[in-house]
1. Rounded to whole Å and sorted largest first, what semi-axes of the equivalent ellipsoid does the C-alpha gyration tensor of the chain yield via the square root of 5 times each eigenvalue?
2. Take every DSSP beta bridge with both residues inside the range 409-537 and express the antiparallel ones as a percent of the total, to the nearest 5.
3. Any chance you could give the angle, 0 to 90 degrees and rounded to 10, that helix 509-518 forms with the longest Cα principal axis of the chain?
4. Based on Cβ point charges of +1 for Lys and Arg and -1 for Asp and Glu, what charge dipole magnitude is obtained for the chain about its Cα centre, in debye rounded to the nearest 20?
5. Cut-off 12 Å, label point 7 angstrom out along Cα-to-Cβ of A208: give me the residues of the range 307-336 whose amide nitrogen falls inside.
6. Rounded to the nearest 500, what is the chain's calculated 222 nm mean residue ellipticity when only DSSP H runs of at least 4 contribute -39500 (n - 2.57) each, over all residues?
7. What's the magnitude of the charge dipole for the range 409-537 around its Cα centre, counting Lys and Arg as +1 and Asp and Glu as -1 at the beta-carbon? Answer in Debye, nearest 20.
8. With everything on Cα atoms, drop me the angle between helix 155-164 and the longest principal axis of the chain, reported from 0 to 90° to the nearest 10.
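Derivation of every value follows stated rules applied to the coordinates shown; laboratory data play no part. Here the structure is a predicted model, which is why all the values come from computation and not from measurement. Cβ coordinates were reconstructed from backbone atoms using ideal geometry, including for glycine residues, and neighbour counts include every protein chain displayed.
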Amino acid sequence: MSTDTTSRGRPSIADLVAGLSIAGLLLPEAVAYASIAGLPPQSGVLALFAGLLVYGLMGNSRFAIVSATSSSAAVLLAAVAPLAGTDTVLRMAFGAGVVLLTGVFFVIAGLARLGAVSSLIAKPVLRGFALGLAITIVVKQMPQVLDVHPAHSDFPRFVQELVTSWPHWNLAGGAMALIALALLRGLGRWRAVPAALLVIAIGIGLDAAGYCKVWGVAAVGPIALDFSSPALPALARTDWLRLGELAFAMALILYAESYGSIRTFALRHGDSVSANRDLLALGAANIASALFHGMPVGAGYSATSANESAGAKSRAAGLFAGAVVLVAVLTLLPWIAHTPEPLLAAIVINAVSHSLNPAALRPLFRWRRDRLIALVAVAAVLLLGVLDGLLAAIGLSLLLLRGLSRTGVSWLGRLGDSHDYVDTARHPEAAVPPGVLIARPDVPLFFGNADGVFASIRERIEATPALQRVVLSLEESPDLDATSVEALCDFAQWTHARGAQLVLARVKDTVRDLLAQVSSADLPAGAYAAWSVDDAVRPIPAA
């Protein structure tokens, strides 16, 4: 676990530098994500302020940057567009309703201590959904780049119309977007450089000089912020009921995305994770955003990664970033209105590029686990649309449940002088060897319970002093899915970082073969060589 508790709790110069660095990324992305959602730019900016301020005060992760995300923006558009059509005012009202109910669901889940709610969606399904969504987002940015407007919104016909309209493409807009992407990718190697802000500045200069008008490239247009009148959206009761179904799906995908980002960087730095506290913080942030007609907010991977790379030490980095963005908005807002739309599209494409890499699915094919599930999730998004694809992905995860997501763990001890190890809760006379902790999950590990099982074991480990070895008996798990494999590898890394040795016992041949394919440095072959718990308790001979 991290020992840098002082820097985590107090603002530092490093946080100020990180805040300055990421502010140049967050403001352009906020405007760009509003365009994905079909909302005015101010919706993204107001959501950014709500996310940074509320999570900075209430959240747990020192790296998480809570703001609008590309995935939630796309889901919001898919949710409200059929209800509101082209009416911007009505679209904002429905959007605020979805965001408000999403926040309410988060708060309820946090109060009910449902921090493991993201386990309802299997990781292969999430990865497939993310890949399909990224493809959809990139393709849907092309009208802004090429200045063509397909009549159909469903993906197959949209692509067909986009391709067949090639004689009407604005090649100047396409060239502008390509150059912007090259600059974003090139400058992105230096995290301290606000690449997105520099690209926006260049675009504003081109528009101010009149080049964009000559090239037929449109600008974003005026941005009006209103902090003076927070209010609930005026909707009928039937509308609230209809939005509730959409908000539940939004909450699931937004929390799964946020929890994934938060957990990834917490494990990397040995930080603790407080899922229920983060649920409450995300709920409050979304409610605050909704009151000002902002977008849904979550801990997106790209912004959180940028914050970590910039050297953030505490949540103060997000607060500093919010202050910098506020100064920029108060002084530069009229200029931001001159941002060419192809540049915003380039910023969006660059932001989702990490999800476009099919390599994220490669482990599933190498392990021969859940490959079809991930591909079906990709196809669902592309063929059914973002919202229906999301609901289909959630349904697919629920159909895959093979039992209740129980997280029971038995703690074993040696019975007398025998080689038998039994549950100490049922056999208090069983003795536990000094410096050893022996855990046996009572249920087969799978995506719905793996994180919860290992969280229970971690709690027991943290409460056990002078621990030298952890023995994990997998006798109840005849096989492991991809989510369980990742959870086991994460647990092995966490245990190794604490200076304890992890040994697996009673591992089935199928799991042994799978772990050999995974080839984790924290789970060498010797770690699962023991056939019995008694063998696993004995010291492993040096190689």
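1. Listed largest to smallest, the semi-axes of the chain are 45, 24, 22 Å.
2. 45
3. Between the helix axis and the principal axis of the chain, the angle is about 40 degrees.
4. For this selection, approximately 480 debye.
5. Counting backbone N atoms under 12 Å from the label point, the list is 332-336.
6. -19500 deg cm²/dmol
7. 320
8. 40
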